[in-house]
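Enquirer: My structure is below; once you've seen it, I'll send some questions.
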Amino acid sequence: MRHYLSDWKAIIYNLAFFLNGLLIFLLVFESRFDVPGWMFPLGRLHPVVLHFPLVALLIYGCWTIIVEKQGSARWNADLAGILLLLGTFTATIAAFSGFILSKEDSEVSSTLLWHKYLGVGISIGSVAWYGLARYLSPWKIPAKSVSFLFIVLLLAAGHLGGNLTHGEDFLIIPSNFSEETAGKVSFEEAQVYENLIRPVLQQKCYSCHNADKSKGGLQMHTAELLLKGGKSGMLWDTTQKDLGLLLGRVHLPLDDKKHMPPRGKVQLTAEEVVLIAEWVRAGSDFKQKVRTLSPQNPVYSYAKNTLGGHRVGDIYTFEAADAEEVRALNTNYRVVKPYAPESPALFVNFYNKTAFKSSEISDLLPLKGQIVSMDFSKMPVKDEDLKIISQFTELRKLLLNFTEIQGKTLPELKKLPNLKELALSGTAVQISQIKALESFPSLTKVYLWSTALTTEEQQTLVNKKIRFETGFRSDTVIIALNPPVIENEQQIVMGSTGVKLNHQIPGTEIRYTLDGTWPDSSKALIYSQPIPITKNTTIKARAFKAGWYGSAPVDKMFIKATYHIDSVRLILPPDTKYKGKGPASLTDGIKSSTETGSGNWLGYRDTNFESLFFFDKPAKVGSLTISTLCNVGGSVFPPAHVEVWGGSDEHSLQLLKTIKPLLPGKMIEGSRELLIDANFDPQLLSCLKIIARPLSKLPSWHPAKGKKAWVFLDEVIVN
């Protein structure tokens, strides 16, 4: 090419030429091409690199258009050539990475297709443009026409890309549109979904889940599409502990690839998470008015702050807590946040009943001078915990709804000089204990919905200083009972321990089943005393009472354990990311939650699980249960192969049982516990050895097909 290209320019140009050829090949055979996992990080570079060709080619195009004549002072051939070459090469990289990004789990929309093909066209065209540049004099019409065409293509591709990432209205609607719109709605006319929920989804979710870009097959811009859900199923399920997919993804660690919104996007605030959770928990009514809610409802409080209402709040004179200390006290199950912007006051919300301990409260004592609100709703808070809570002297609002409070230590809360609101709905408090609240110095409102108080007792609660909210009662309206409470916290049962059931409302009949069916009001067993556990059993229970609808069901699995394992030795160590409590995780008698990051699971992928279990005295063993986890989306599968060995010591082991657990045959959303039972002829054993081999290749229907599966274990129970 008569030295038109110097050596380094030739290398860059030839590399761009080669990549474009590869890109054309991939487009032709796109339907047969599956992107390997290691290439997805290259696709994520697309938003980073696309700005280089956009700027370089736009400058070169404009430069060409303004050149007036040969020898113009506005034209520098060497600099222009380098600029065009850089634009060509980076356009190729942007197109190639964009193609990889388009293969991620997304629905293909017309916007995505146009953006992809325009990007590829610009990449191929820029290679041709650079190759023919020596024949296109910039001061002549053909060169200016090509430049003008490229500028149009660049602007069109950029606009479509912006629609994909920010939504169609990004250029014409300001980022604070939702707040401005919400603020113009009167409090009396505001709807929970339209004026509170939808603006949050619009800001935090629409950019990835709209008509043009429906990641995971999910679109969220209409109520109908929200209810429809995506490829992974419905967005919410009030029967689940985490309220289903939407809230489950929000509460995942930020580094988890399934966390929503993704890392790098604007995250939901704690108030917005509570807002959505409460709306879902209440039945996700798309037409509900804000004014119909109780002032106790967190959605009502959020609306007051968002929509206005001219409420005069407390003035806090205490100093703000150290930001690092507040951050350190935030966990996956406990949120500590400022009560309002620029305010030193803090509020605390607790999540995950199974992970709650009294230490979750005492750990917050360093912030007792700043916490003004605590929400323990549905947590297993007991009477003795009120002694700790009474030390938070700045507390104004305390929610104890549907906790295990009996009311015996309620006088402890009199030590809180600023307490104004106390919520005791769904608890077992008695009328005499409620009457004692009248002496509290600052208390002005008490919520007592769904308690055991009779109508006559409620009528005696007349006080000029305190307003007692007891809820709506009518002889013509039938409402549903709350579910019964399964009191046993530990799922592993030793000895003769029985399972206790309870209900807050006197005279309620609790019926239960042990065979996996849901109890009804006529055939199921009636609870009268603790239920003995003789084998691995799932107890399902409902509450019934004349004049009420039957409650929603509640269930819990219990695992029978006869022998205590005296010591454990791991032959092969677990993965460093999932090492739990080491050997103690297998014998501490504590069932972990179904979250892989709970800190109790032992995770294996690159090696087998192999461990020795020892008894100080020989035990007559005839079965054992291995507690594992299944999370198909997270590549956590049951082990492909399990072997149980036993003998008098580790050097004289014999194979007792081989098991091949049933493996999932399709995608299943969420995590669930899985028990693997091994039964064999009873015999005296002093040592057991268990080997569990992970699945070597995930099936073809799995997004990570061909990779190794994980195996997670947390308990071994011997009978």
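Enquirer: Restricted to region 306-333, and to residues that are of a type in the set (D, E, K, R) and out of contact with any helix residue (DSSP H, G or I) (no Cβ under 6 Å at 6 or more places or on another chain), which residue is modelled with the lowest pLDDT?
Expert: Asp314
Enquirer: If you go through region 387-400 one residue at a time, how many are surrounded by 23 or more Cβ atoms within 10 Å (Cβ to Cβ) and either in a helix (DSSP H, G or I) or outside the structural domain of Lys415 (by TED's automatic domain parsing) (or both)?
Expert: 1
Enquirer: When you look at Ile405, is it out of contact with any Ser or Thr (no Cβ under 8 Å at 6 or more places or on another chain), within 22 Å of Asp383 (Cβ to Cβ) and of a type outside the set (D, E, K, R), yes or no? Lay out the reasoning, then the answer.
Expert: Details: out of contact with any Ser or Thr (no Cβ under 8 Å at 6 or more places or on another chain): no; within 22 Å of Asp383 (Cβ to Cβ): yes; of a type outside the set (D, E, K, R): yes.
Answer is no for this residue.
Enquirer: What number of residues in region 606-643 are out of contact with any strand residue (DSSP E or B) (no Cβ under 7 Å at 6 or more places or on another chain) and either in a strand (DSSP E or B) or at positive phi (or both)?
Expert: From region 606-643, those out of contact with any strand residue (DSSP E or B) (no Cβ under 7 Å at 6 or more places or on another chain) are 606-607, 616-617, 631-634; that's our starting set.
Narrowing the set further to residues that are either in a strand (DSSP E or B) or at positive phi (or both) leaves 616-617, 631.
Qualifying residue count, region 606-643: 3.
Enquirer: Further, regarding this structure: Filter region 579-605 for residues that are free of Cβ contacts under 8 Å to residues at least 40 places away in the same chain, closer than 26 Å to Lys707 by Cα and part of a loop (DSSP other than H, G, I, E, B) and give the result.
Expert: Result: Gly599, single match.
Enquirer: Here are the criteria: (1) farther than 22 Å from Asp677 by Cβ; (2) in contact with a helix residue (DSSP H, G or I) (Cβ under 9 Å, 6 or more places away or on another chain). Tell me which single one Ser611 does not satisfy.
Expert: (1)
Enquirer: Further question: Kindly establish whether Val185 is outside the structural domain of Met667 (by TED's automatic domain parsing), in a helix (DSSP H, G or I) and either surrounded by fewer than 19 Cβ atoms within 10 Å (Cβ to Cβ) or at pLDDT 80 or above (or both).
Expert: No: the conditions fail for Val185.
Enquirer: Answer yes or no: is there a residue in region 367-381 that is over 21 Å from Leu448 (Cα atoms) and of a type in the set (Asp, Glu).
Expert: Within region 367-381, none of the residues are over 21 Å from Leu448 (Cα atoms) and of a type in the set (Asp, Glu).
Enquirer: Let me ask something else. With respect to Val644, is the statement that it is within 37 Å of the chain's Cα centre (by Cα), buried (at least 19 other Cβ atoms within 10 Å of the Cβ) and either farther than 17 Å from Tyr578 by Cα or of a type in the set (Lys, Arg) (or both) true?
Expert: Working: within 37 Å of the chain's Cα centre (by Cα): yes; buried (at least 19 other Cβ atoms within 10 Å of the Cβ): yes; either farther than 17 Å from Tyr578 by Cα or of a type in the set (Lys, Arg) (or both): yes.
Judged against the criteria, Val644 is a match.
Enquirer: Let me confirm something: among Thr658, Thr625, Thr607, Thr596, which residue is over 29 Å from Leu243 (Cβ atoms) and crowded, with 19+ Cβ neighbours inside 10 Å?
Expert: Answer to the selection: Thr625.
Enquirer: I'm checking my understanding of the structure. Among residues of region 459-473 that are at pLDDT 80 or above and within 16 Å of Val429 (Cβ to Cβ), which one is nearest to the chain's Cα centre (by Cα)?
Expert: Across region 459-473, the extreme among qualifying residues is Phe468.
Enquirer: Being at pLDDT 90 or above and touching a Phe, Trp or Tyr at 6+ places or on another chain (Cβ under 9 Å) is the requirement here; does Glu384 meet it?
Expert: Judged against the criteria, Glu384 is not a match.
Enquirer: Give the residues of region 50-65 that are of a type in the set (Phe, Trp, Tyr) and modelled with pLDDT of 70 or more, sorted by residue number.
Expert: Tyr60, Trp63 - these are the residues of region 50-65 that are of a type in the set (Phe, Trp, Tyr) and modelled with pLDDT of 70 or more.
Enquirer: For region 209-242, enumerate the residues that are among the basic types (Lys, Arg) and modelled with pLDDT of 70 or more.
Expert: The first filter runs over region 209-242 and keeps only residues among the basic types (Lys, Arg), leaving 213, 215, 228, 231, 241.
Lys215, Lys228, Lys231 - these are the residues of region 209-242 that are among the basic types (Lys, Arg) and modelled with pLDDT of 70 or more.
The values are calculated or read from the model by the stated rules, or taken from the named source; none is laboratory data. Keep in mind it's a predicted model, so treat the numbers as computed, not measured. In this analysis, Cβ positions are derived from the backbone assuming ideal geometry, glycine residues included, and neighbour counts consider all displayed protein chains.
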